[in-house]
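Each reported figure results from applying straightforward, stated rules to the coordinates on display, with no laboratory input. Only a predicted model underlies this, so the values are computations on that prediction, with no experimental measurement involved. Neighbour counts are summed over all protein chains in view; Cβ atoms, including those assigned to glycine, are modelled from backbone coordinates with ideal geometry.
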Amino acid sequence: MKPNECKWYSVCPMKYYTEKGVLNKKWTENYCHAGWENCIRYRMEENGEFHPDWMLPDGSIDETLRKLSLGR
Ligand code: SF4
């Protein structure tokens, strides 16, 4: 794990989407590699709260990612 990298990064769907080229890199750059404390996904994971794979770090839902996820 790199310094400042979120501990969930290796298993996070945001990594998967970014590597697949379907998610703007700003999300992982601004959250996973910098401000993971502010990530809603991170907070919900810590609290054991359900959140769909297609929920973005700011808590918004991305319907495009949802459709891609259902197809995988
Ligand atoms: S999206 Fe959030 S929970 Fe996932 S790796 Fe990035 S900072 Fe961590």
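Structural remarks
- For the chain, size of Cβ-based charge dipole, Lys and Arg +1, Asp and Glu -1, in debye: 280
- For the chain, projected area of the alpha-carbon convex hull averaged over all directions, nm²: 4.6
- With the charge dipole of the chain set up from +1 on Lys and Arg Cβ and -1 on Asp and Glu Cβ about the Cα centre, the Cα lying farthest toward the positive end among the listed residues Cys39, Met1, His51 is that of Met1.
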